[in-house]
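Enquirer: Once you've had a glance at the structure underneath, I'll fire off some questions.
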Amino acid sequence: MSVPETIKSVFTRTKKAVLRKVATLYKHLYQVNYWLREWKQRYGGIVFVSVLLLLVVISFYVSPLLQDILEDYYGTEQAINGLRSLIQNVGTALLGAAAIVTSLVLFAMQVNIERMPHGLFRRLSADSRLLGAFALAFLLAITVSILSTLINQVPIVFVVIFATWAIIFILALFMYAYRRALTLINPLQQLGILITDTRREFRIWAQRAKRAIPLLDQEGTTSTTASPIDSTHDLARTIFFQINKHWTDGARRATRHAMSFARRYAEHGDHEVSRAALNTVVAITKAYIDAKGKTFYANNLVIDNPLATDGFINDTLEHLRQNIQNGIARQDEQQIEQTLQVMATLVQVYLGIDYSNLYASKSHAHIAAGYLASAIESVVPHNMADVLLEGQRLMGRAAQYLLVHGRPEDIVTLSEKIALIACTGYAKKEYRPVTMVGVTQLADLTFALLCSKHHDIRFAVEEVRRNVALVVKLLLKVPDTPLLSSHSTFLGSYYSSTNVQSLRAQLVTLVNAISEAEADNEDVQTVIRNIEQWANNLYQTEKELLLEAIKAKSHFTFDIIHWITGVTEILLAVSNAEVCYPRTRDELRKHARRLINTLTWIPEDMETVTFIENFQITEILFKAAMDAHNRGIDEVAKEIGEILLFWTFKGGRYQTGWGVLERGLCGAAVFALLSGGERIIDLMISIEKLLSGKTAPEQEVRDRAARQIRDRATSLYRKGHWSSLIEMEIAQADHEKLRLLLEDIAEILSPGIVRQEMP
């Protein structure tokens, strides 16, 4: 390296080091600044008052020194009269100032809050802190005026000190009152006050209920059993709240006030405040649930329990429903989305309710989920695609909450709603993204079911699969785009083999984790059992979708074929896991065989064969057979090999330009050679049987294929990179044995054909 290059390199490293130090310094400065602001916000007021009190104490401590100075200055009666007049005038001025400031501040505050709900207007207009500050300012001003009459009775130093500090405190009170007024007219602060007051009221009622327990807790009102199927309700508390039905009046009023804020500010376009108001409803609901404690009752399918109906929760959800309708009427998408988000949040909040029974249904969460789904459905006719996108995500999230905290069947209703709204993409092109998001949510629900710790997901997972099939069938009726397939795009989150966030990609990650799990891992065993339940009868749905895709000549056919073979590989991989039980292993392999056999249902006409071979199904089947062989699952590998041979003769009947017959037979030969001598004999027998059938290829096609196979037998090794797995396996096989086998196959195809000399 030359000297200039060395100097340049040193300069570059030095510059980077300096810049790094400067960046580190800025980082520390930002941290200190953040810490100071946070400290000021939390302790600033306390520090300010403490400093003032300290200065007051110091001023009285040095009062003897000040007394000597003041006696020298006010040694005559004329000087004292001047001081008396000064203090009197200052006191009078402070009284006038206090009156003016009080009037202006209170008037300005009331003008700003006059449009809020009446109850909250009265609460804020009579704020005790603000009125107390002005009252104290008046008292201090009056005290300053009175001090002018006490100059001759008390030491002059105390008069001066008190008057000075009174003036300072009056000014401080004016500033405090001004800032307090700004706080009261700030809608975000008003909502904070609303939450604080409601929580305080709930704490009072909770304390009253606790004090009343000795009067209400009679023999038998408290459960002492330890069985998980027995309830542990707080019966005394329940009785107290039933007697005092008005205990939620304050909270209902606060909810109405918050919803009034939400509507008013949404109408004015201030959606930040409307969001805060809706979040206030959530905070009030949380406080209500905490206060009510173990007095919630779930719905019972056998016995109608009147205590299961909760008026406060019903009112809250009804307020939100009305807010949705108000937003729809005004076409305010942000208002609608915010309300839907709060509904989804309430689903999560209601799932935290303690029903005092492990097996109780999450009744109120289901009600909230129903309100959410109905609200999203009501948006469909109003051309709000963005709202529907958010609604689909929220329903998916709510279903995930229900699955985690409830039972698998709890998500069925929401999955149906997601699918129905996803189907709107069939009617409106603008709603196609809604379809894509809906399919994504169904894919996520499927994966969540597979990973759940529930022992029976069969019903739920079948319903989700049925919903997916409904969306797919309806979307396939829409013409596919020629270049970029819309079907593959909108259904890719479930069926795509190339999307790293699709269901198949998630399943591959899950299978890798299962393969590495310990043999006694019960959680993984539960997941495997869930996968087996999901795979049960999967072939029926996928067969229907495959045939529909072929009928529509959709590029989605590529995805469904790869999905079928990919899931087959996944099931076989799970069955090979050390943690998998033998019985579950057999079931998984049975489901895998049934699934891969759906490819035998492909129609046999030339148009369909040509269309299907565009997606290289011969290669796909060969890859599936090799995968099963490599995993040591010989019975499944043999069956997939037979399917490959069956397709070879089905597709090889026609001159499609893909060379299906010769490529398929070459692949079958390589696969048989890898499987062993017995498989080679079976292959030859199967070929002769297929050639003797009514659907065998015509002699012209067979002759052409025989020539191609003979030519391929003479050049088994080819240099280069192969895109074909069949070609790659041919290059790596035992060429001597493979050559003989290929020549035998060619002889069976076309006896008497003389191999032509290659140039």
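Derivation of every value follows stated rules applied to the coordinates shown; laboratory data play no part. Predicted, not measured: the structure shown is a model, and the values here were computed from it. When we count neighbours, we look across all protein chains shown, and the Cβ atoms used for this are built from the backbone with ideal geometry, even at glycine.
Enquirer: For Cα pairs less than 8 Å apart in space and 6+ apart in sequence, what is the mean separation divided by the residue count of the chain, i.e. the relative contact order in percent?
Expert: On the way: 871 pairs, mean separation 44.0, N = 759.
With pairs under 8 Å counted, the relative contact order is 6 percent.
Enquirer: Same structure again: So for region 313-362, what are the equivalent ellipsoid semi-axes in whole Å, largest first, each being the square root of 5 times an eigenvalue of the Cα gyration tensor? Provide the component values of the computation, followed by the final result.
Expert: Values: eigenvalues 163, 21, 7 Å².
They are 29, 10, 6 Å, listed from largest to smallest.
Enquirer: When the chain is fully extended, how far beyond the present Cα-Cα distance does Ile748 get from His246, taking 0.36 nm per residue of separation?
Expert: Details: separation 502, 0.36 × 502 = 180.72 nm, distance 9.25 nm.
In short, 171.5 nm is gained.
Enquirer: Let me ask you something else. Have a look at Val49, Tyr26, Leu36 and report the one farthest towards the positive end of the charge dipole of region 15-55, computed about the Cα centre with Cβ charges (Lys/Arg +1, Asp/Glu -1).
Expert: Tyr26
Enquirer: Averaging over all projection directions, find the projected area of the Cα convex hull of the chain and quote it in nm² with one decimal place. Working shown, then result.
Expert: Numbers: hull surface 232.6 nm².
One quarter of the hull surface, i.e. the mean projection, equals 58.2 nm².
Enquirer: Using only Cα atoms and rounding to the nearest 10 degrees, what angle (0 to 90) does helix 156-185 make with the longest principal axis of the chain?
Expert: 30
Enquirer: Return one number: the angle in degrees, 0 to 90 and rounded to the nearest 10, between the long axis of the Cα atoms of helix 582-596 and the longest principal axis of the Cα atoms of the chain.
Expert: Its long axis makes an angle of about 70 degrees.
Enquirer: Calculate how steeply helix 538-552 sits against the longest principal axis of the alpha-carbon atoms of the chain, using the helix alpha-carbon long axis, and give the answer as 0 to 90 degrees to the nearest 10.
Expert: That works out to roughly 80 degrees.
Enquirer: Report, please, the projected area of region 569-680 averaged over directions, based on the convex hull of its C-alpha atoms, in nm².
Expert: Working: hull surface 27.5 nm².
Its Cα hull, projected and averaged over all orientations, spans 6.9 nm².
Enquirer: Mind giving me the FRET efficiency for Ala212 and Asn305? R0 is 22 Å, r the Cβ-Cβ distance, nearest 0.05 is fine.
Expert: Details: r = 23 Å, r/R0 = 1.05.
Once rounded, the FRET efficiency stands at 0.45.
Enquirer: Next up: Only Cα pairs under 8 Å and at least 6 apart count here; give the relative contact order of region 527-620 as a rounded whole percent.
Expert: Averaging sequence separation for qualifying contacts and normalising by length gives 38 percent for region 527-620.
Enquirer: Convert 25 °C to kelvin, take the viscosity as 0.890 mPa s, use the Kirkwood radius over C-alpha pairs of region 582-648 as Rh, and evaluate the Stokes-Einstein diffusion coefficient in µm²/s, rounded to a whole number. Kindly include the intermediate steps, with their values, before the conclusion.
Expert: Numbers: Rh = 12.6 Å.
In µm²/s, the coefficient is 195.
Enquirer: Sticking with this structure for a sec: Using only DSSP helix segments of four residues or longer, with each worth -39500 (n - 2.57), what per-residue ellipticity at 222 nm results for the chain after dividing by its residue count and rounding to 500? All intermediate terms of the calculation are to be shown ahead of the outcome.
Expert: Working: 32 runs with 570 residues, N = 759.
Taking each H run of at least 4 residues, the total per residue is -25500 deg cm²/dmol.
Enquirer: So if we plug the beta-carbon distance of Leu725 and Thr12 into 1/(1 + (r/R0)^6) with R0 = 60 Å, what FRET efficiency do we get, rounded to 0.05? Walk me through the numbers on the way to the answer.
Expert: Working: r = 49 Å, r/R0 = 0.82.
Between Leu725 and Thr12 the formula returns 0.75.
Enquirer: Something else about it: Compute the signed sum of charges (Lys and Arg +1, Asp and Glu -1) over the other residues within less than 15 Å, Cβ to Cβ, of Val567.
Expert: Numbers: positive: Arg465, Arg504, Lys543, Arg589, Lys590, Arg593, Arg594, Lys623, Arg631; negative: Glu532, Glu542, Asp559, Glu569, Glu587, Asp627.
It works out to a net charge of +3.
Enquirer: Within 10 Å, count the other beta carbons around each residue, average over each peptide in 738-751, 685-698, and list them highest first. Don't skip to the answer; put the middle values down first.
Expert: Working: 738-751: 18.9, 685-698: 12.6.
Listed from highest to lowest mean packing, they are 738-751, 685-698.
Enquirer: Can you find, among Leu742, Ile709, Gly693, the residue sitting farthest towards the positive end of the charge dipole of region 608-759, where Lys and Arg contribute +1 and Asp and Glu -1 at Cβ?
Expert: The residue sitting farthest along the positive end of the dipole is Ile709.
Enquirer: Checking the cross-link filter: which lysines have an alpha carbon closer than 21 Å to that of Lys15, excluding same-chain neighbours under 8 positions apart?
Expert: Leaving aside lysines fewer than 8 places away in the same chain, those within reach of Lys15 are Lys27.
Enquirer: Continuing with the same structure: Largest first and in whole Å, give the semi-axes of region 1-61's equivalent ellipsoid, each being the square root of 5 times a Cα gyration tensor eigenvalue. Each step should come with its number before you reach the end.
Expert: Numbers: eigenvalues 561, 34, 3 Å².
Semi-axes (√(5λ), whole Å): 53, 13, 4.
Enquirer: Sorting Thr309, Thr295 on the 10 Å Cβ count, fewest up front, what's the list? Before the final figure, lay out the partial values.
Expert: Values: Thr309 14, Thr295 22.
Going from sparsest to densest Cβ surroundings: Thr309, Thr295.
Enquirer: Here is a further query. Taking the Cβ of Phe174 as the centre, find all other residues whose Cβ is under 15 Å away and add up their charges (Lys, Arg: +1; Asp, Glu: -1). If you can, show how the numbers build up before the last one.
Expert: Details: positive: Arg129, Arg179, Arg180; negative: none.
Net charge in that neighbourhood comes out at +3.
Enquirer: With charges only on Cβ, +1 for K and R and -1 for D and E, what is the dipole size of the chain about its Cα centre, in debye, rounded to 20?
Expert: On the way: 80 positive and 79 negative charges, 462 e Å.
The calculation lands at about 2220 debye.
Enquirer: In square nanometres, what is one fourth of the surface area of the convex hull spanned by the alpha carbons of region 409-601? Mind showing how you got there, number by number?
Expert: On the way: hull surface 40.0 nm².
Taking a quarter of the hull surface, the average projection is 10.0 nm².
Enquirer: Normalised radius of gyration for region 608-759, please: alpha carbon Rg relative to 2.2 N^0.38 Å, two decimal places.
Expert: Rounded to two decimals, the normalised Rg is 0.97.
Enquirer: In whole Å and largest first, what semi-axes does the C-alpha gyration tensor of region 282-336 yield when each eigenvalue is scaled by 5 and square-rooted?
Expert: Working: eigenvalues 174, 49, 10 Å².
Listed largest to smallest, the semi-axes of region 282-336 are 29, 16, 7 Å.
Enquirer: Here's something else I'd like to know. Run the simple label-point estimate for Gln31 and Leu53 please: 7 Å along Cα→C-beta, distance reported in nm.
Expert: Computed distance between label sites Gln31 and Leu53 equals 3.4 nm.
Enquirer: Further question on the same structure: Say the dipole of the chain comes from +1 at the beta carbon of Lys and Arg and -1 at that of Asp and Glu; which of Ser415, Gly96, Tyr371 then lies farthest toward its positive end?
Expert: My answer, from the dipole projection, is Gly96.
Enquirer: As a quick test, which of the pairs Lys428/Lys477; Lys473/Lys590; Lys453/Lys543; Lys210/Lys362 have an alpha carbon distance above 21 angstrom in this structure?
Expert: Values: Lys428/Lys477 13 Å; Lys473/Lys590 26 Å; Lys453/Lys543 29 Å; Lys210/Lys362 26 Å.
Those over the limit are Lys473/Lys590; Lys453/Lys543; Lys210/Lys362.
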